[in-house]
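Everything on this sheet refers to the single structure shown next.
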Amino acid sequence: MSQRVTIAVPESLFARLQPVKHQFNISAICQEALEMAITYEELKVQVTEQDSLVERLQTEKKVLLNKVRQEGFELGIRSSAKLSYKDFRHFERVQSLAVALDEDVLDYLWTFLNLKDYPEQARLNDADFTYLLEVDPQSRISFVQGWIDGVLSVWQTIKTQVENPQ
């Protein structure tokens, strides 16, 4: 069932229409133009909704990366007991370089922890992070940056006692 809609056109357009109106279906033309205008507006709404989706996913990603970094931080604290004085001093010295790490850095961390005999089963508290660290380079970098921060938080706590024994 069709609904009737009345449209208003300027007098000049109406005057031009009169001699040719029998050559086409005015209703079909208006329907097509209205369909195109509605589709255009619906697409603009979809884009706005997609922008909201993108913003939501970006927020979720940020939260997840913070959780990954926190997991690395906690491992840094736990694994600090295996580190030497030289290790702490090394990580203190290279901390500023942590912002320029690449995606291979996690392999280096695992190798380092293997050399320190830090058990693999004690490295990650959440098994979901294992998958994430395998598939997302940014997560690997964030995890290791967190690990370095965790190690250095321990170092900052004990450094004065180590450097200035009483």
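The values are calculated or read from the model by the stated rules, or taken from the named source; none is laboratory data. Small disclaimer: the values here were computed from a predicted structure and weren't measured. Backbone-built Cβ (ideal geometry, glycine too); neighbour counts: all protein chains shown. Remember, those area values only see protein heavy atoms, side chains included, never the ligands or the DNA or RNA. Shrake-Rupley method; radii C 1.70, N 1.55, O 1.52, S 1.80 Å.
Before moving on, here are some points about what is shown:
- The figure for Ile29 is an accessible area of roughly 90 square angstrom, using a 1.4 Å probe on the protein chains alone.
- Computed accessible area, Trp147, all protein chains, 1.4 angstrom probe, square angstrom: 0 Å²
- When Ile38, Ile148 are compared by accessible area at a 1.4 angstrom probe, the order from most to least is Ile38, Ile148.
- Accessible area per residue (1.4 Å probe, heavy atoms of protein chains only) ranks Asp128, Asp51, Asp149 as Asp128, Asp51, Asp149, with the largest value leading.
- Pairs of Cα atoms farther than 19 Å apart, the chain, %: 69 percent
- Distance between the modelled labels on Tyr40 and Leu97, one decimal in nanometres: 5.8 nm (7 Å Cα→Cβ projection).
- The convex hull drawn around the Cα atoms of region 103-165, when projected onto a plane and averaged over every direction, covers 5.0 nm².
- Using a probe of 1.4 Å on the protein chains alone, the accessible area found for Tyr40 is around 130 Å².
- When each of Lys62/Lys159; Lys116/Lys159; Lys86/Lys116; Lys62/Lys116 is checked by Cα-Cα distance, pairs over 23 Å: Lys62/Lys159; Lys62/Lys116
- Folded to 0 to 90 degrees: helix 105-115 orientation relative to the chain principal axis, Cα: 20 degrees
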